[in-house]
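The values are calculated or read from the model by the stated rules, or taken from the named source; none is laboratory data. These figures come from a predicted structure and were not determined experimentally. Glycine also receives a Cβ, built like all others from the backbone with ideal geometry; neighbour counts cover every protein chain displayed. Calculation scope for accessible area: heavy atoms of the full protein, side chains included, ligands and nucleic acids excluded. Shrake-Rupley method; radii C 1.70, N 1.55, O 1.52, S 1.80 Å.
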Amino acid sequence: MGYRKIILAVLITSMTTTFAFAQSEALKVVVNNLAYYKQKNDLKYLAAAKKSADSLIITRSDTADLEKNTYRALVNSSILYIDSLNKLNQPEKLLPETSTLVDKLSANKKEYKFQAEIDYAKRCLANVYIRKGFEYTNNSDFTKARESFDNARKYAPNFKPVNDYIAYSNNKAGNLVDAAKYYSRLLAVDSGRAEYIETASSIYKSLGDTSKALEILQKGRKVLPNDRFLLLDEANIYNNQKNYKALEPLIGPLLDINANNADIAFVAANCYDHLNKFDKAESLYLRTIELNSSAYDPAFNLGLLYLKQSANAKGGSEDQDIGRAVQWLEKANEISPNNVQGLKALQLVYAKTGNKDQLDKINSKLKQLIN
């Protein structure tokens, strides 16, 4: 079952020039260029702002200047966010260098004076890393996608969709343990998302933790009782476990939404068969055969069902059940002539009915296949 694709969401970030240090004389050129960009939406003003901001860092004291470096971080992060096509031909290292600068500034105890500017720079960087994460996702490089989304979360820890992106990329990258942890956290916050439930269940099944997968599905179906995928997922687990008692309550809803599905009809018939509810099993085996007349298993199982019924039949109904058993076991044999299990079942009914000619043929064929 495929995971329902994640949707790109970004943080809203708008250019502003009302920052705390806008009154600084040394930074007026930078401020003015940012204002021109906001008015005219021309990237040349961002390039000019960067040139001016970089020119302020000359001496060693400049490299330690909190105000100047905050402005550099602001300009660089703006360019990274706004110029997504890199028309200004900025080097690849601009993103990691700006991230390092923002991290360093954030750790400075006096940076609270420029909190609005740093918050803006962080939002820009988060958007850039989300964008790059989706570029890697589109190129199926899920390891790098996860790294980008991790960086985005660092700069926007309260932006919930990024956790979805991290969980998705971990899953696609094969980091199932990490993916399972993320989806469990997502479900703790939003238990009504069917795609989270589906994917978390699938991951836990891949890890071999069927109990956890089942727990997630059961909780999910309490919130989304009519979701067909979750219903089918839970039913598949019970069927694979041969837990027919647990499967039985799901049969009705399964059939309601899969009325013409031969596989579902067969699962339902097999469930009732194991619960010794032969009338329901018989009806559903016949329905399965009606939907898919070339399938071996429903014909074979129906033959065995009549054979089991004949053992408990009284009077003339025994012969009737045996006759039906022969009919459907022979039908199964036509579909799969070399199926050893089917041949052995025919061997049993021919011996029971005293059909020596057919029994000899079956014995001969079994001998060839087994030896």
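Quick notes on this structure:
- When all alpha carbon pairs of region 72-184 are counted in 10 Å bins from zero, the resulting P(r) reads 15, 42, 30, 13, 1 %.
- Expressed as a whole percent, the accessible area of region 291-340 that falls on carbon and sulfur atoms is 43 (1.4 Å probe).
- Taking the accessible area of region 59-119, probe 1.4 Å, and keeping the other protein chains in place, the carbon and sulfur fraction comes to 51%.
- Rounded to the nearest 20 debye, dipole of the chain from Cβ charges on Lys, Arg, Asp, Glu: 980
- Dimensionless Rg/Rh of region 104-238 - Kirkwood Rh, Rg from C-alpha atoms: 1.10
- Entries of 109/181; 50/109; 122/212; 44/154; 110/181; 109/144 with Cα pairs more than 27 Å apart: 109/181; 122/212; 44/154; 110/181; 109/144
- Reach of residue 365 by Cα under 29 Å, taken over lysines that are not fewer than 8 positions away in the same chain: 308, 331, 344, 352, 356
- Local electrostatic count at residue 346 - Lys and Arg +1, Asp and Glu -1, tallied over other residues with Cβ under 15 Å: +4
- Each principal axis of the Cα cloud of the chain was taken in turn, and the coordinate range along them, longest first, works out to 110, 41, 35 Å.
- Summed residue charge, Cβ within 14 Å of residue 98's Cβ, Lys/Arg positive, Asp/Glu negative: +2
- Straightening the chain between residue 297 and residue 209 buys 28.8 nm, computed as 0.36 nm per residue apart minus the Cα-Cα spacing.
- Other residues within the sphere of radius under 13 Å centred on the Cβ of residue 83, judged by their own Cβ, net out at +3 (K and R +1, D and E -1).
- Positive-pole candidate from 368, 61, 176, dipole of the chain, charges at beta carbon: 61
- Each of 220, 133, 118 was scored by the projection of its Cα onto the charge dipole of region 81-223, and the greatest displacement toward the positive side belongs to 220; charges sit on the C-beta of Lys, Arg, Asp and Glu.
- Residues of region 246-285 with amide N under 14 Å of a point placed 7 Å along Cα→Cβ from residue 308: 267-285
- Normalised by 2.2 N^0.38 Å, where N is the number of residues, the C-alpha radius of gyration of region 259-302 stands at 0.97.
- With all protein chains kept in place, the per residue accessible area of the chain amounts to 53 square angstrom at a probe of 1.4 angstrom.
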